[in-house]
Structures are given as C-alpha cells and as structure tokens.
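Notes for the one structure printed next.
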Amino acid sequence: MTRLVWKISVLYAAFLVPFVIADDLPPYNCDAVFKFEGQFEKIVALIPYHVYPIYTLCTNVQFAKEYRAAMELYEQAASDPVCARMNFKRSRVNLIDMMHDQLVSLWSTANCQDCLDRANETREFLANFDELDKCLTKHLLSPCDPCAESYGSIQGQYEGLVRGHKDTICVDVEDRMNQTRHRWSAEFNCCRNRQHSTTTFVVIASVFCSLPVVFYVVMYVVTRAKEARERSREPLLDDSSRDVPAGSGSGSGAGVVAGS
C-alpha cells in the first residue's frame, strides 16, 4: 500500500509538467482532463492523513466523493474524441491513463467498495471499535476483565464480516481488527484462549506424568495386601500339623496298655 501511494505521488509530479500540444491539433479546451487532474491532486493530498495511525481512507466521506468525481471526469475525457486524441492517443506513455489506473488500483487494493456495499455493518463495527478503544484507554493498566465483553463483541462481528468476504474485506476494518488483536494479546496479554490452552496442556501433561507413580503405588499396595493375607494363614496351618501327630501317639499308647 505504501508503494502504491508513492507511485501516485510520482505520477502527480509528472502530471504537473505542462502539456505540449502538437500544431496539427485543433484549438480545443479539454476541461475534463484538467478537472481530473484537480481531483487527482485532492486525493493525493488526502492520503497521508488517512493511513496513520489507522486506515480511515475508505470510510472517509471526502475521499470516496473525490474518487467518484475523478472517475466520472476520466470517463468524460475518454469519451470525447478530440479530448481523447489530445491526451490519450498521442504517445506510448499516457500519464492520464497511468494516473487513472493508479487510483483504481488504490481503491481496489484497499477494498474500499466493501465498506460502501456493507455500510451498515461497517458503521456498526466502527462504533464497537471506538467503544473498545475507550475501554482500553480507561482501564489501561488492567483491561482484560472490564473490556472482555467489548473485545468479544468486536471479534465476533469481524468474523461475521470476513465470512464469505475473506479476500475483499475493507482495509479500514481489517487494519482496526489487526491492531486490536495485537494490543489485546501482545500489549495487554489478555488472550484468554491461549491462557486456557496452556492451562489445559499443563493439566493433561501432569496427569500423564503422574500415571507411572500411581501405577507403582497401586502395585505396592496390592502386593503388601497379598503378603498380609498369606501371613495370616500360616498359624492355622501350623496348629493343624501339630494336632495330627498328637492324636496318633495317644491312640498307639492306649493300644499298648490294653495289650499288656
């Protein structure tokens, strides 16, 4: 966009060189060409005031008015046979056409027509942007919570404007949204989605890292419980093994006594 503005300025400077009209041409005053030059001059003078700090070119009423007037004057000059012969068909280098093409390129590259075609939506977006900007200025030290609703509103509205118009969104709207996102995330660090994602990642990573520890603890508890059950059965086995020989011995002794 900056290079395009520079080209327009160069063309304007070239246009200031007086026209040299050949002697074989009839005396004719082509007012439309000189009026077109006047409109071109007005547009060039407007540009520096509407590209910084944010683009306000397409939504500027005077810029749109001067652009339309320039296009109408160009059509008038091009449709006049004598005027066209004097200014459009005299040489390979045609400054009038070049100036016209640069204006058209500026208008189309900035997608200014989108702001005009969707004037109501654009006006609403600009109003919400101003509201958010006031909120950020008021709560400069900590705007995340008090301005979250305004930011969400402008974010949702912008997504609606972009839907189906990704490559034709007006530069005034696009530039405002880009700067708003940068301030919200980089300057104020209020990007909640990023914070939420980071928190979620940390929680999930902690859970996975703790799984081996939990596994070994569970296995230790199960093993100890199994050993405890086995130890609790050992005294019962010892008592039963002692009772069997005792019973056998007394029976043998009784038989000896009886036999004697």
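The values are calculated or read from the model by the stated rules, or taken from the named source; none is laboratory data. Every value quoted in this text rests on a predicted model; they were computed, and no experiment measured them. Positions of Cβ are backbone-derived with ideal geometry, glycine not excepted, and every protein chain shown enters the neighbour counts. Calculation scope for accessible area: heavy atoms of the full protein, side chains included, ligands and nucleic acids excluded. Shrake-Rupley method; radii C 1.70, N 1.55, O 1.52, S 1.80 Å.
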Accessible area of residue 173 in the full protein assembly, 1.4 Å probe (Å², nearest 10): 0
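At a Förster distance of 30 Å, what's the computed FRET efficiency of residue 162 paired with residue 41, Cβ-Cβ distance as r, to 0.05? All intermediate terms of the calculation are to be shown ahead of the outcome.
Numbers: r = 35 Å, r/R0 = 1.16.
Efficiency, rounded to the nearest 0.05: 0.30.
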Length released on extending from residue 223 to residue 108, taking residue separation times 0.36 nm less the Cα-Cα span: 33.8 nm
Environment charge of residue 110, counting only residues whose C-beta is closer than 10 Å and scoring Lys/Arg +1, Asp/Glu -1: -4
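Once fully extended, how much extra length lies between residue 185 and residue 134, figured as 0.36 nm per residue of separation less the alpha-carbon to alpha-carbon distance? Let's see the in-between values first.
On the way: separation 51, 0.36 × 51 = 18.36 nm, distance 1.72 nm.
My answer for the length gained is 16.6 nm.
What accessible area per residue, rounded to a whole number of Å², is obtained for the stretch 34-170 using a probe radius of 1.4 Å?
56
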Hypothetical label at residue 124: residues of the stretch 140-183 whose amide nitrogen lies under 14 Å (7 Å Cα-Cβ projection): 153-163
